[in-house]
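The values are calculated or read from the model by the stated rules, or taken from the named source; none is laboratory data. A quick note: this is a predicted structure, and the numbers were derived from the prediction, not measured. Here the Cβ is made from the backbone with ideal geometry for all residues, glycine too, and neighbour counts use every protein chain on show.
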């Protein structure tokens with residue numbers, strides 16, 4: 001564990017993934033607690049969704065996937081107006097597959113399109129640093145294990161790195177009726193990541209969770 005913390009601190013010098021990995025932004029939540037489409041909340045001049053995609057594009061040597069239950073325009077979720085996300089090649093957008101099973105469906109959809117490790121990021125985690133995402137991927141690749149943050153409430157599976165072999169673990173979990181990705185982490189001996197402050201992993205569930213300077217984006221009618 002001490003070695004993993006050191007790797008996180010020295011990540012800019014150590015990061016050399018060798019084999020490419022891919023990444024996926026999960027953007028399929030219904031924002032029930034937030035009350036409107038939180039993907040369009042503006043933080044630091046960009047929407048939550050665009051900000052998450054930009055960070056993944058910065059650190060990912062392979063393809064950046066995006067997963068949403070409802071797609072529009074062929075490239076981005078219906079209802080968004082992030083022009084950059086609609087460009088072919090910017091993000092490969094996928095629908096949940098299987099549908100109706102939450103984040104597990106999104107993770108499986110991305111794994112179905114790649115054969116290497118997968119860096120997962122929910123779109124509502126605006127403070128996470130690209131260096132933290134790099135560190136998690138580097139540790140996961142070096143150790144060939146999943147990497148995620150562990151708190152008193154349990155594993156945080158939506159900012160995590162999953163090696164390629166975990167695709168079959170997610171499929172097995174789905175077949176057995178498991179829809180909670182943190183359960184898969186618990187079963188597979190994940191590495192606890194401790195190289196970043198807890199605030200980086202804070203997500204936006206309600207309007208009060210928006211970082212200072214962020215504002216909900218007006219709805220387009």
Could you list, in sequence order, the residues of region 114-168 that are more than 16 Å from the chain's Cα centre (by Cα) and not in a strand (DSSP E or B)?
115, 139, 141, 142, 143, 144, 145, 152, 153, 165, 168
Pairs needed: first member in region 13-28, part of a loop (DSSP other than H, G, I, E, B); second member anywhere, at pLDDT below 50 and crowded, with 24+ Cβ neighbours inside 10 Å; C-beta distance under 9 Å; at least 6 residues apart or different chains.
none
Of all residues being touching a helix residue (DSSP H, G or I) at 6+ places or on another chain (Cβ under 8 Å) and modelled with pLDDT under 80 in region 82-100, which is farthest from residue 61 (Cα to Cα)? Just the residue, please.
99
